[in-house]
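What follows is a set of notes on a single structure, which appears directly below.
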Amino acid sequence: MPFELKHVNVFLLRDGEDFTLIDTGLQMDESRQALNQKLAALKVPIERINRILITHIHPDHFGLAGELRDRSGAELVIHRLEVALMEPRYARAEDLVNDVAKWLSMNGVPAAEAEFVKSASMAAREFVSVVEPDTLLEGAERLPVDGSEIEVIWTPGHSPGHCCFYWPARRMLFSGDHLLPKISPNIGLHPQSGADPLDDYILSLERVRRLEVETVLPAHGDPFHEHRDRIAEIIQHHDARKAALVRLARDDAKSGWQLASELFAGIMQRNVFQQRLALQETLAHCQSLAVEGRLRKQVSRELVTWRTA
Ligand SMILES: [Zn+2]
Ligand SMILES: [Zn+2]
């Protein structure tokens, strides 16, 4: 991938004569070729993929879905809350950009910066196309595969309809972006997110913690073990970030942009894409703190501010 994150993992599961693919890679030549080469090396003709499971609609996971479905005739399977995000994000992005502009100014982003930040993710559109899925998930579905079953674990947080796929017979968890070995996935409050995405995410981690897992197969990075240790680390990381925000908002009511600039001083200087992620991430933590009563959230027609309670 031509991003800071250089790769995405996709998985192919044998299912008798057929195959199930989990996630797809970006809609671009390098990804397409990499996938074609691997399938050829495994001697799997594309027509034998009869099901494509999608963890969530970010372009690195969903980008090639439409094209692969057309080429293979596979059943495309995705959580229904992800489908709702698709149209505005990838087909009517101009409307979404206006919502985002209003949202940026409500969160204290100066007009000059907002111009750049608001269209920061328009570029993502070229790596994905909008497609109608065949089967919609809600969570807890059992999907037959290779004489056993895969269980759909709905894990909202990183994206409202994110799903992990759990294979109890093999004690394997295909974790998508929910649980990664080295980085913590971006959890952001924004016009398309859940209303309290960080608390959704923490609850989703709890849901995964209970599973009997030997190997986690993440969408980015290497497979790993001891998923409960990794979950404890991630929860600690978010607790520390929340504690830092409580300190930063102690003396004055501050906007999300002010708090993000102080919390992520280094990252904010990198590029507009990173700035926007930092703002969303900061707001997700603020929202969780406000729900807990540790921050006071004040809203006017022009501005949202946060202050330690
Ligand atoms: Zn993602
Ligand atoms: Zn990803």
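The values are calculated or read from the model by the stated rules, or taken from the named source; none is laboratory data. All values derive from a computational prediction rather than experimental measurement. Glycine also receives a Cβ, built like all others from the backbone with ideal geometry; neighbour counts cover every protein chain displayed. Surface areas here come from the heavy atoms of the whole protein model, side chains and all, with no ligands, DNA or RNA. Shrake-Rupley method; radii C 1.70, N 1.55, O 1.52, S 1.80 Å.
Screening the chain for DSSP H helices whose Cα atoms reach 20 Å or more along their own axis and whose mean Kyte hydropathy is at least -1.0 gives 227-248, 272-292. Across the stretch 269-289, the residues whose backbone nitrogen lies under 13 Å from the label position 7 Å along the beta-carbon direction of VAL299 are 287. Taking the Cα centre of the stretch 191-309 as origin and assigning +1 to Lys and Arg Cβ atoms and -1 to Asp and Glu Cβ atoms, the resulting dipole is close to 540 debye.
Under 17 Å Cα to Cα from LYS297, which lysines show up? Leave out anything in the same chain fewer than 8 places away. Counting by Cα, and skipping residues close in sequence, LYS297 has these lysines nearby: LYS242, LYS254. Here the mean projected area of the convex hull built on the C-alpha positions of the stretch 163-285 is 8.1 nm².
Carbon-plus-sulfur accessible fraction, the stretch 1-114 (probe radius 1.4 Å, protein heavy atoms only): 53%. Kirkwood-type hydrodynamic radius, the chain: 20.3 Å, calculated from all non-identical alpha-carbon pairs. DSSP bridge analysis restricted to the chain gives an antiparallel fraction near 60%, rounded to the nearest 5.
Relative contact order of the stretch 176-309, taken over Cα pairs closer than 8 Å and 6 or more residues apart, is 27 percent.
Per residue, the chain exposes 47 Å² of accessible surface when a 1.4 Å probe is rolled over the protein heavy atoms with every protein chain present. Of GLN275, GLN298, GLN192, the residue with the greatest mean-square motion in the GNM of the chain, using alpha carbon springs below 10 Å, is GLN298. Quick check: at a probe of 1.4 Å, how many percent of the accessible area of the stretch 141-248 sits on carbon and sulfur atoms? Accessible surface attributable to carbon and sulfur in the stretch 141-248 totals 50 percent.
Entry note, the chain: relative contact order of 15 percent, from Cα contacts under 8 Å with a spacing of 6+ residues.
For the stretch 1-48, the list of trypsin sites (Lys or Arg not before Pro) that fall in a loop by DSSP and count at most 12 other C-beta atoms within 10 angstrom reads LYS6, LYS43. With the convex hull of its Cα atoms as the shape, the stretch 103-206 has an orientation-averaged projected area of 9.1 nm². Every Cα-Cα pair in the stretch 44-105 was counted, and those over 17 Å apart are 50% of them.
Using a probe of 1.4 Å on the protein chains alone, the accessible area found for GLU94 is around 100 Å². Each eigenvalue of the Cα gyration tensor of the stretch 243-309, multiplied by 5 and square-rooted, gives one semi-axis; in descending order these are 20, 12, 10 Å. All C-alpha pair distances within the stretch 53-162, sorted into 10 Å bins from zero, spread as 13, 37, 31, 14, 5, 1 percent across the bins. Remark: the chain carries a charge dipole of roughly 820 debye about the Cα centre, counting +1 on each Lys and Arg Cβ and -1 on each Asp and Glu Cβ. Shape of the stretch 165-231 from the C-alpha gyration tensor: prolate (a/c of 1.5 or more and a/b above b/c, with a ≥ b ≥ c the square roots of its eigenvalues).
Of the listed residues ILE183, ILE22, the order by accessible area with a 1.4 Å probe, largest first, is ILE183, ILE22. In the stretch 1-156, the DSSP beta bridges split such that about 45 percent are antiparallel, to the nearest 5.
At the residue level, SER300 shows approximately 50 square angstrom of accessible surface with a 1.4 angstrom probe and all protein chains present.
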